[in-house]
Amino acid sequence: MTASSLRAIVLGSAAGGGVPQWNCRCRVCRLAWEGGGKVRPRTQSSVAVSADGERWLLLNASPDIRQQIWATPALHPQAGLRHSPIAAVLVTNGDVDHVTGLLGLRERQPFVVYGTTETLATIADNKIFQVMAEDCVERSRIELGRPFEPLPGLEVELFSVPGKVPLWLEQGVVDVGEEGEKTVGVTIRAGGKRLVYIPGCARPTTEVLARLDGADAFFFDGTLYDDDEMIREGLGTKTGGRMGHMPISGETGTIAALAGVASRRRIFIHINNSNPVLIEGSPERRATEEAGWEIAFDGMEVSL
Ligand code: MLT
Ligand code: MN
Ligand code: ZN
């Protein structure tokens, strides 16, 4: 692998809970529990990116990280007694499905954790994350709009995406769709190629659309198909809007909102187990693919 490439491996493609979710028998989860191929099992969302195929940056650390490393030979220890190709982890917010995998990376392996000041403060406020010893695991605060190079040949830039406080920190009235440092998107550049990663987005702002436009590929929030599907299926009381996630379908959904954005590949990720696009051959899956979108799966590789 030369330094002139950009490689991404989807470690996990599901939203929080995974597919199937441990306690769920919704119609999608039932098909996953049954096996038979109508619904592939999926772990919680995370993507590994590299410019040289040897050193990798993880975009978020999911609670399924140990299983994800096991399933991905490029991330196995390669030499000596202690080694990992995982050189760094970037967290896009403080959600459980994005940060708790850091706890699986204890054992005194040096690497760097990147995030905004606010997200790194959320992690620092929780003593349990001290299992990543601070004399060994560097925390690096990143400003929005300031490109940095976490690995040689790989340039990364963070930008604000409308979101909200992590679910586990919600108190009182929640400001959904606020822009700031709580939720970010990621632009990754290597070898003249550009990949964009946005696993959660409450609203398609002008900035979000501009960041996606002209990318060689992007991964985008595919949590729900319909804004009210959790309520309709009896799985919860919240709309996608309340959870900080745009739905795939509908007049204000992602397919419509991003129709004018140019990109060679557009891929839904962070897909909730209630979402019928996970059912192979479903009408929703067909409509999504006919609109030019791909559905991420664990182990999917995107080489640019
Ligand atoms: C989300 O994406 O909305 C969160 O991961 C929800 C959660 O923490 O379970
Ligand atoms: Mn999530
Ligand atoms: Zn389910």
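The values are calculated or read from the model by the stated rules, or taken from the named source; none is laboratory data. Here the structure is a predicted model, which is why all the values come from computation and not from measurement. Virtual Cβ from ideal backbone geometry, glycine too; neighbours counted across all protein chains shown. These area figures cover heavy atoms from the full protein model, side chains too; ligands, DNA and RNA do not enter into them. Shrake-Rupley method; radii C 1.70, N 1.55, O 1.52, S 1.80 Å.
When the stretch 83-107 is filtered for residues that are of a type outside the set (Val, Ile, Thr), modelled with pLDDT of 95 or more and open to solvent by 30 Å² or more (accessible area, probe 1.4 Å), the ones remaining, listed by number, are 83, 84, 95, 103, 104, 106. A Cβ distance below 8 Å, combined with a sequence gap of six or more or placement on separate chains, defines the contacts here; from the stretch 15-35, residues that are within 13 Å of ligand 1 (Cβ to nearest atom) reach residues that are open to solvent by 10 Å² or more (accessible area, probe 1.4 Å) and assigned to a helix (DSSP H, G or I) in the pairs 15/97; 16/96; 16/97; 17/97.
Given the criterion in contact (Cβ under 8 Å) with a residue 12 or more places away in the chain, of a type in the set (A, V, I, L, M, F, W, C) and touching a strand residue (DSSP E or B) at 6+ places or on another chain (Cβ under 8 Å), identify the matching residue among 269, 279.
Working: 279 fails: touching a strand residue (DSSP E or B) at 6+ places or on another chain (Cβ under 8 Å).
That would be 269, the only listed residue that is in contact (Cβ under 8 Å) with a residue 12 or more places away in the chain, of a type in the set (A, V, I, L, M, F, W, C) and touching a strand residue (DSSP E or B) at 6+ places or on another chain (Cβ under 8 Å).
Filtered by the rule that a residue be closer than 13 Å to residue 108 by Cα and either of a type in the set (Ser, Thr, Tyr) or outside any strand (DSSP E or B) (or both), the stretch 124-146 gives 129, 130, 131, 132, 133, 134, 135, 136. Take the conditions (1) within 20 Å of the chain's Cα centre (by Cα); (2) of a type in the set (A, V, I, L, M, F, W, C); (3) within 16 Å of ligand 2 (Cβ to nearest atom); (4) more than 19 Å from residue 163 (Cα to Cα); residue 217 misses just one of them, which is (3).
Applying the selection to the stretch 52-66, what residues are under 16 Å from the mean Cα position of the chain (by Cα) and on the phi < 0 side of the Ramachandran plot?
Of the stretch 52-66, the ones under 16 Å from the mean Cα position of the chain (by Cα) are 56-65.
Passing the criteria: 56, 57, 58, 59, 61, 62, 63, 64, 65.
If residue 23 satisfies all but one of (1) over 17 Å from residue 277 (Cβ atoms); (2) among the polar types (S, T, N, Q); (3) in contact with a Lys or Arg (Cβ under 6 Å, 6 or more places away or on another chain), what's the number of the condition it fails? Of everything listed in (1) over 17 Å from residue 277 (Cβ atoms); (2) among the polar types (S, T, N, Q); (3) in contact with a Lys or Arg (Cβ under 6 Å, 6 or more places away or on another chain), residue 23 misses just condition (3).
Scanning the stretch 94-110 for residues that are in a helix (DSSP H, G or I) and closer than 16 Å to residue 16 by Cα returns 96, 97, 98, 99, 100, 101, 102.
Out of all the residues in the stretch 1-19, which are within 16 Å of ligand 2 (Cβ to nearest atom) and open to solvent by 20 Å² or more (accessible area, probe 1.4 Å)? Walk me through how you get there before you give the answer.
Here is the first cut: in the stretch 1-19, the ones within 16 Å of ligand 2 (Cβ to nearest atom) are 10-19.
16, 17 - these are the residues of the stretch 1-19 that are within 16 Å of ligand 2 (Cβ to nearest atom) and open to solvent by 20 Å² or more (accessible area, probe 1.4 Å).
I need a count of the residues in the stretch 23-52 that are more than 10 Å from ligand 3 (Cβ to nearest atom), surrounded by fewer than 23 Cβ atoms within 10 Å (Cβ to Cβ) and among the hydrophobic types (A, V, I, L, M, F, W, C). Within the stretch 23-52, residues that are more than 10 Å from ligand 3 (Cβ to nearest atom), surrounded by fewer than 23 Cβ atoms within 10 Å (Cβ to Cβ) and among the hydrophobic types (A, V, I, L, M, F, W, C) number 1.
Looking only at residues in the stretch 53-82 that are more than 15 Å from residue 301 (Cα to Cα), in contact with a strand residue (DSSP E or B) (Cβ under 8 Å, 6 or more places away or on another chain) and not in a helix (DSSP H, G or I), the one that is most open to solvent (accessible area, probe 1.4 Å) is 55. Please go through the stretch 134-167 and pick out each residue that is out of contact with any Lys or Arg (no Cβ under 7 Å at 6 or more places or on another chain) and either hydroxyl-bearing (Ser, Thr, Tyr) or loosely packed, with under 13 Cβ neighbours inside 10 Å (or both). Result: 134, 135, 140, 143, 145, 146, 147, 149, 152, 160.
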